[in-house]
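Undergrad: Mind having a look at this structure? Questions to follow.
The values are calculated or read from the model by the stated rules, or taken from the named source; none is laboratory data. Keep in mind it's a predicted model, so treat the numbers as computed, not measured. Every residue, glycine among them, receives a Cβ derived from its backbone with ideal geometry; neighbour counts consider all protein chains shown. Remember, those area values only see protein heavy atoms, side chains included, never the ligands or the DNA or RNA. Shrake-Rupley method; radii C 1.70, N 1.55, O 1.52, S 1.80 Å.
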Amino acid sequence: MGRSTRPVPGRDADRAEPPGTHASNTGWAGELRAAVCCAVLLLALLLVIDTAAGSLTAPRGILWAGLSLLLFVVLHPAKVTAGEGWLASRGLWRERRVRTDRLVAVRWSDGVAQRLVLRDVDGGGVELDPHVLIDNPELWRLVDAGARASLGRGTLLCGATALKQLSRRIDGETAQSVFKVSGLD
């Protein structure tokens, strides 16, 4: 939850997290393990089937390995980290950051999977699955505090409705969890 990291001078200076309280999505490691398992399972299954059929060759093995690697790339989860006034989403190849205390827009993206898109005054942007915030209350608390600061400063021009919708959804999920744990569901 509130871990503190010290960047190694010269090595991690460009990726260093600002000092203060910060949190990460707690389910990331499990999602990463699931992505690796799915890719390895697919590779094993394809190799076994191809071997049983007697048609496994080196080019086909490379093709199956490439297909499994592609599945891993698609399933690789983003690691979301937030702190006081910032949010970062680190994918397989790059990290995107947004200043939550200087947001200008928050919106829902169109598409098959619902995504929350945040943009700040510096042009930074992050797109993330809202379930990450729903499943990690500490992340949501930090993002919400930054968004409230943006509203107070008047920089958040578009997105108060999206934040209210997400807040209601998180409150509903939290209430359901409390009822379930207490046996009142």
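Undergrad: Count, please, the residues in the range 117-130 that happen to be open to solvent by 20 Å² or more (accessible area, probe 1.4 Å), out of contact with any Lys or Arg (no Cβ under 6 Å at 6 or more places or on another chain) and either of a type in the set (Lys, Arg) or closer than 14 Å to Asp101 by Cα (or both).
TA: 3
Undergrad: So, one more: Pick from Arg107, Arg169: which is open to solvent by 60 Å² or more (accessible area, probe 1.4 Å), in a helix (DSSP H, G or I) and out of contact with any Phe, Trp or Tyr (no Cβ under 7 Å at 6 or more places or on another chain)?
TA: Residue meeting the stated conditions: Arg169.
Undergrad: While we're looking at this one, here's another question. Could you tell me whether Val126 is of a type in the set (Val, Ile, Thr), assigned to a strand (DSSP E or B) and more than 15 Å from Thr155 (Cβ to Cβ)?
TA: Answer is yes for this residue.
Undergrad: What residue, of Leu133, Leu87, Leu156, Leu139, is part of a strand (DSSP E or B) and either in contact with a strand residue (DSSP E or B) (Cβ under 9 Å, 6 or more places away or on another chain) or open to solvent by less than 10 Å² (accessible area, probe 1.4 Å) (or both)?
TA: Residue meeting the stated conditions: Leu87.
Undergrad: Taking the residues in the range 18-45 that are modelled with pLDDT of 85 or more and polar (S, T, N, Q) as candidates, determine which candidate is most open to solvent (accessible area, probe 1.4 Å).
TA: Thr26
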